[in-house]
Each structure stands twice: as structure tokens, then as C-alpha cells.
Amino acid sequence: MSVPVSIVYLTKNGGDLFRRSLSAVLAQDADIPFEVIVVDSGSSDGTVEYLQTQPVHLYRIPPEEFNFGLTRDYAFGLASGEFIVSVSQDAVPANRQWLSLLLAPFAYSAIAAVQGIDLIPADQPVFYWDSVGMFYQTRDCRKWNERYHGVGLSFANCALRTSVWTENRLGRVAMSEDRVFQKRITEKGHLCFIQWTANCYHSHQYPTVAALAKRCINEGQGFRNVGIDYTVRDLLFDMLRPTAWYLWGLGLLRMKLRTLPELLFPLVRPLAVFAGNRFAREYVR
């Protein structure tokens, strides 16, 4: 039986944060029915067992078959709704109106996708460079924002018309499939809209320098997939950027740089993005 809205998760070892996310989704005060679809790719932390007790449609794939584009296509293809809502396993809706607010702009037929806004969680440690709004201030991100007038589609917290996805399936995409999708539909004249009030709490932690570098390498590769070049000039500009080093010094004085990844971020981010943009061939998972 079809419903108007399908909320879609991709999961792997989501842990307690995913349980909080799903609980908040299921508690939404929405005027229209919705279903929840979860595609899990090899959880071993009890996520699957938990999902088997919840009112969701659970599907499982082997971890070696995971690919951002193909798995996203598979998950979206399971949706019966007129609208697909994509939410990350570590994104927690901020209130019970999140879903209604995210869907409201679709009253305008020209809008193909609606992007929600992520908020920094107040009840858990936050990576310093997220807390000061600098994680995505390197020139790769700035070039993307200039191209699309500040609208960056992220499948961590967004909604789209199922018909638009059907006509623009992703195919095999190693990383940043949401940017690939945005580029594709924008070039066809579809509009993406930012809904500033549709909020999720969402941030990332990087326990090691390797984890931070891995994330940034993948992002560099993802930008290459959508035609954004990160040059040697960009690398040098970002490594020497005064604002980043001012905030680094401020964080040091205020004892906010608590970990080695936070301490080395102004160097690791540009170097890793450059490596991913220039040399990476496969997504590092």
C-alpha cells in the first residue's frame, strides 16, 4: 500500500545516535502518513536486531555491495511515496514539526528538492571546527556554493520528488552522490530550495587524524565527480588562510582544541582534499 511520503535511511552500525534519530522520526507530528525504509549494509552492533522491533521496512545488503549511488538508488526505488525524505543515520530531527516543515515548500510545483538545515548538537561533544563553522570553508566548498548560489543538497536531511529521482537515477557514484544529483537536476532546470526551519542535529567526530583525513579525501574525490577542481593554488590558499589560523590560536588559548585531529585540521583538511581531488580512485570506507 502506497503512502504519500517515504523516509529513507542507509545504515551501518548506527548505534545509539541512530536509535535517537529513528525515535524522533517516528514521533513526527505530521498531517500525512509516512513509511520508513531502512537499507542496512552489514551492521554488527545490534542495529538490525533493533530495527526488527520497529515499524519500518528493513532491507539488507552485503557490505561489499555498498556503493553510494547504487545503494541510494536501491533504497529510493523501494519507496512508494510521492516524496522521498532522506535522512542520515546520525541526524536527529530537532522537533516534531521537522517533517511537515521539510515538505511544505513542495506546494510550489517548480521545486524538485528541499534541503533542511543541520544544527550543532548541544548535548554531545562537537568537533571544534564544526562549532566555529569552518569545516566546510575550504575553497572546494566555496566554489560549489558559488556555482549553486549557496544551495548545497545533502542527503543527510532533505526531501525530493520521487518523480524527479526516477528520471535522474544516480547509477554508480563512489562519493558525494547528493552533489551529483543536484548538479544533474539543476542542469535540467529543476529548483532546489533551502527550508531553514527544517532542522536536524547533526555533526561528526574524528577520533584520529586518519579518520579526519579519510573523510576529507572522500570529499575531495566527490567534488572531482561534479567538476570542481581543487588546485595547488587552492591548497596553498587554504593552508595559509588567516581566518583559520586565528581561530586555531583562539581555540588553543581557550583550550577548545582537545584532540590531535582538531589541532592539525588547518593542514590536514586542505592536504586531504587535494589528495582526494587529484589522486583518489575509490571511496575509502
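For the range 173-200: of the residues being modelled with pLDDT of 95 or more, of a type outside the set (S, T, N, Q) and within 21 Å of F18 (Cα to Cα), which is surrounded by the fewest Cβ atoms within 10 Å (Cβ to Cβ)?
Among those residues, the one meeting the criterion is C200.
With respect to N13, determine if the residue is closer than 21 Å to N218 by Cα, in the same structural domain as Q124 (by TED's automatic domain parsing) and modelled with pLDDT under 95.
Against the criterion (closer than 21 Å to N218 by Cα, in the same structural domain as Q124 (by TED's automatic domain parsing) and modelled with pLDDT under 95), N13 does not qualify.
Keeping to the range 148-170, report how many residues are modelled with pLDDT of 95 or more and among the hydroxyl-bearing types (S, T, Y).
The total comes to 3.
Look at the range 161-182 and say how many of its residues are in a helix (DSSP H, G or I) and more than 14 Å from G69 (Cα to Cα). Quick ask: steps written out before the conclusion?
At the first step, the residues of the range 161-182 found to be in a helix (DSSP H, G or I) are 162-167, 177-182.
Now restrict to residues that are more than 14 Å from G69 (Cα to Cα): 162-164, 167.
Residues flagged as in a helix (DSSP H, G or I) and more than 14 Å from G69 (Cα to Cα) within the range 161-182 amount to 4.
Among the numbered criteria (1) out of contact with any Ser or Thr (no Cβ under 9 Å at 6 or more places or on another chain); (2) modelled with pLDDT under 95; (3) surrounded by fewer than 16 Cβ atoms within 10 Å (Cβ to Cβ), which single criterion is violated by A280?
Only one criterion is unmet by A280, namely (3).
Residues V132, V87: which one is β-branched (V, I, T), closer than 21 Å to H204 by Cα and touching a helix residue (DSSP H, G or I) at 6+ places or on another chain (Cβ under 6 Å)?
V132
State whether one or more residues within the range 88-103 are free of Cβ contacts under 8 Å to residues at least 60 places away in the same chain and assigned by TED's automatic domain parsing to the domain that holds V48. It would help to see each step written out before you state the result.
Step one: list which residues in the range 88-103 are free of Cβ contacts under 8 Å to residues at least 60 places away in the same chain, which gives none.
No, because not a single residue in the range 88-103 is free of Cβ contacts under 8 Å to residues at least 60 places away in the same chain and assigned by TED's automatic domain parsing to the domain that holds V48.
The values are calculated or read from the model by the stated rules, or taken from the named source; none is laboratory data. Predicted model, so just to flag it, every value in this text is computed and none were measured. For neighbour counting, all protein chains shown are included, and Cβ atoms are generated from backbone atoms with ideal geometry for every residue, glycine included.
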